[in-house]
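Report on the following structure.
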Amino acid sequence: MKHESVETNAGLLIILTLAVISVGGLVEIVPLFYIDDTIEEVDGVRPYTPLEQRGRDIFVREGCYTCHSQMVRPFRDEMLRYGHYSLAAESMYDHPFQWGSKRTGPDLARVGGKYSNEWHVQHLIDPRSLLPESIMPGYPWLATTPLDYSDIAARMRALKRVGVPYSITEEEYESNVEKFGEQHARMFDINNAEEMLIEQAQEENFDGDSSFISEMDALVAYLQVLGTMVDFSEYDDGHFAEFR
Amino acid sequence: MSTQDNHDKNQGDKNQVETTGHVWDGDLQEYNNPLPRWWLWGFYATVVFALVYWLIYPAWPIGDSFTKGFATITYEVGGEERTTHWNTRALLARDMQTGEYAVRQREMLEQVAAQDYETILADADSMSFVNAYAQGSFGTWCAACHQVGGAGVIGQYPNLRNDHWKWGGTVDQIEQTIREGRMGFMPAFRDTLSSDQLNEVAAYVLSLNDYDVDSDMSDAGERIFTGMEGGCFQCHGEDGQGLASQGAPNLTNNIWGLIDVPGADSDSERLRLVANFVRDGIQREMPAFADRLSDEEIKMLTAYVHSLGGGQ
């Protein structure tokens, strides 16, 4: 093909430019899918329960990721502040992942269990009532808006299609029981998604108001599980370095 | 050099410089000048840099693995040395063990861990480390409730900067608070006391803090406070001095953490605030940190908090 024919044909030029540029991306991304060590072998990582998953949807809907990353990087200062650095395995069921790169607020990868449910509820309703110097906006409607979970099964089916092991068949359920234990496997059963969501919301009552299931219930459930699935005391200092 | 000369020179150059040979719209041509030398050599230098980098660091994917490079990092795991190819996680493990600041920090941590509280609080060297380190821990773990400076939130989270200690202000008591958490509880008296009685108790409590109140009311309040009807004395003491083991605050020092009495506009407003508080009771919880923080961290936070408000 002659140089001139490329330069005088805009359509061809665009297609060839895209092809050349995508080489850079493909070379960086594609190998991660077949290199064995990309996702670390680690116990404890599980899919989100229906309630947590809806909380995650709200996290995304409200744009929390524009100010909060979910990625503790392997530096000493980050370890001292946030805890153990994030593993790829910890976001293997996140679609899309919430790593982010913009930290206007603090990183949230290990926020689970750090504060009480009550603290989260009040902080989300009015951040400055707890932290006068905070610039986070309030989200008071979360506590008063009933959670729409009518489409939770459809959402889980969509996630199943991209690799999250929610179960439909008896066989898939049994496999989940083996992998995650019966208590969790029940939560991952798409056939009972709605009942499981209601059960968790009523049992744990994250927002302190048991009269209805609010969006606050879901969001706090999600925040409280972030970064808590892996028990890092089981692994020595160098364990995860072996995967890099 | 005149404008005319410039023009002539450019004309002359144009005739000598090679073009790419492409012609658009009949007369648009493109020069084919050689690249500047400095740019060309800069380009070769980046190529050489890349080649060296590929040899030293992890670089190219091969099948289900990748080239690891010649660079290694050695760090310790449980007393054993482990050497691995260069990667950021191993780098971090080594930095946590032998990095300049990590080593310095560990020395100070060991120094503080070996000292008792009395020595730490008197040792300027230890205290400057404690203040620097614990300020960070406090910001991460405590400030969400007690605020960055430790001043708390009236009505919700205790102020740690004043001389008032609900659960005791000695280092041992503070350490126990951080380690095991606290469950603060005062029952509601709405079913026990009438609204008149509530006002009388409130008047008595205000009188303990030198506010002007009706003396008949406060006398009646005292009888409720110190008698079995209210039973307030069981936690707050006969004289209202409080009882640290119950988390019952001293009611005589005019320090108010849960209601803003000094900020109230009038006598009746003050009376209403206290009476409503007694009517509704309160329950507050401070979480336990023994499982989340190391012993050294708890020790330093204790010394730090003790120093904030003039501990006892």
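The values are calculated or read from the model by the stated rules, or taken from the named source; none is laboratory data. Everything quoted here is computed from the prediction, not taken from an experiment. Glycine also receives a Cβ, built like all others from the backbone with ideal geometry; neighbour counts cover every protein chain displayed.
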Mind listing whichever residues of the range B:57-72 are more than 8 Å from chain A (Cβ to nearest Cβ), without any contact (Cβ under 8 Å) to a residue 12 or more places away in the chain and not in a strand (DSSP E or B)? B:59, B:60
Return the pair list, or none, for Cβ contacts closer than 7 Å from residues in the range A:20-43 that are more than 8 Å from every other protein chain (Cβ to nearest Cβ) to residues that are among the hydroxyl-bearing types (Ser, Thr, Tyr), at least 6 apart or on different chains. A:32/A:38
Name every residue in the range B:98-107 that is of a type in the set (A, V, I, L, M, F, W, C) and within 11 Å of chain A (Cβ to nearest Cβ), in order of residue number. B:102
Scanning the range A:91-110 residue by residue, those hydroxyl-bearing (Ser, Thr, Tyr) and either more than 21 Å from residue A:43 (Cα to Cα) or in a loop (DSSP other than H, G, I, E, B) (or both) turn out to be A:93, A:101, A:104
Restricting the search to the range B:254-265, which residues are out of contact with any helix residue (DSSP H, G or I) (no Cβ under 9 Å at 6 or more places or on another chain) and of a type in the set (Gly, Ala, Ser)? B:257, B:263
Filter the range B:73-97 for residues that are within 8 Å of chain A (Cβ to nearest Cβ) and loosely packed, with under 14 Cβ neighbours inside 10 Å and give the result. B:78
Top-ranked residue in the range A:21-75 [being among the hydroxyl-bearing types (Ser, Thr, Tyr) and in contact with a Ser or Thr (Cβ under 8 Å, 6 or more places away or on another chain); ranked as farthest from residue A:179 (Cα to Cα)]: A:66
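Answer yes if at least one residue in the range B:146-167 is in a helix (DSSP H, G or I), modelled with pLDDT of 90 or more and either of a type outside the set (Lys, Arg) or surrounded by 17 or more Cβ atoms within 10 Å (Cβ to Cβ) (or both), and no otherwise. Let's see the steps before the verdict.
Step one: filter the range B:146-167 for residues in a helix (DSSP H, G or I), giving B:146.
From what's left, modelled with pLDDT of 90 or more: B:146.
Then drop every residue that is not either of a type outside the set (Lys, Arg) or surrounded by 17 or more Cβ atoms within 10 Å (Cβ to Cβ) (or both), which leaves B:146.
The answer is yes, given that some residue of the range B:146-167 is in a helix (DSSP H, G or I), modelled with pLDDT of 90 or more and either of a type outside the set (Lys, Arg) or surrounded by 17 or more Cβ atoms within 10 Å (Cβ to Cβ) (or both).
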Quick check, is residue B:197 surrounded by 14 or more Cβ atoms within 10 Å (Cβ to Cβ) and within 24 Å of residue B:310 (Cα to Cα)? no
With the structure loaded, tell me whether residue A:5 is outside any loop (DSSP other than H, G, I, E, B), farther than 30 Å from residue B:65 by Cα and not basic (Lys, Arg) or whether it fails that test. yes
Selection within the range A:101-119 - within 11 Å of chain B (Cβ to nearest Cβ) and touching a Leu at 6+ places or on another chain (Cβ under 6 Å): A:111
Considering only the range A:46-55, I want to know if a residue exists there that is surrounded by 12 or more Cβ atoms within 10 Å (Cβ to Cβ), of a type in the set (Ser, Thr, Tyr) and modelled with pLDDT of 95 or more. yes
Tell me, yes or no, whether the range B:51-65 has at least one residue that is closer than 21 Å to residue A:77 by Cα, surrounded by 12 or more Cβ atoms within 10 Å (Cβ to Cβ) and out of contact with any Ser or Thr (no Cβ under 6 Å at 6 or more places or on another chain). no
Within the range A:126-141, residues in contact (Cβ under 8 Å) with a residue 60 or more places away in the chain, part of a loop (DSSP other than H, G, I, E, B) and away from every other protein chain (no Cβ under 14 Å) come out as A:139
Considering only the range B:173-185, I want to know if a residue exists there that is farther than 18 Å from residue B:284 by Cα and assigned to a loop (DSSP other than H, G, I, E, B). no
Just wondering, is there one or more residues in the range A:51-73 that are of a type outside the set (A, V, I, L, M, F, W, C), within 19 Å of residue A:112 (Cα to Cα) and either within 14 Å of chain B (Cβ to nearest Cβ) or over 22 Å from the mean Cα position of the chain (by Cα) (or both)? yes
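Can you tell me how many residues in the range A:1-14 are among the aliphatic types (A, V, I, L, M) and either surrounded by 11 or more Cβ atoms within 10 Å (Cβ to Cβ) or within 10 Å of another protein chain (Cβ to nearest Cβ) (or both)?
Selection size over the range A:1-14: 3.
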Could we say that residue B:116 is outside the structural domain of residue B:263 (by TED's automatic domain parsing) and crowded, with 19+ Cβ neighbours inside 10 Å here? no
For the range B:207-239, name all the residues that are in a loop (DSSP other than H, G, I, E, B) and closer than 17 Å to residue B:197 by Cβ. B:213, B:214, B:227, B:228, B:229, B:230, B:231, B:232
Select from the range A:196-241 the residues that are in contact with a helix residue (DSSP H, G or I) (Cβ under 8 Å, 6 or more places away or on another chain) and within 14 Å of chain B (Cβ to nearest Cβ) and list them in ascending order. A:208, A:223, A:224, A:227, A:237, A:238, A:240, A:241
In the range B:96-122, what residues are touching a strand residue (DSSP E or B) at 6+ places or on another chain (Cβ under 9 Å) and either under 23 Å from residue B:175 (Cβ atoms) or of a type outside the set (S, T, N, Q) (or both)? B:96
Given (1) surrounded by 14 or more Cβ atoms within 10 Å (Cβ to Cβ); (2) of a type in the set (A, V, I, L, M); (3) at pLDDT 95 or above, where does residue A:241 come up short, assuming only one miss? (3)
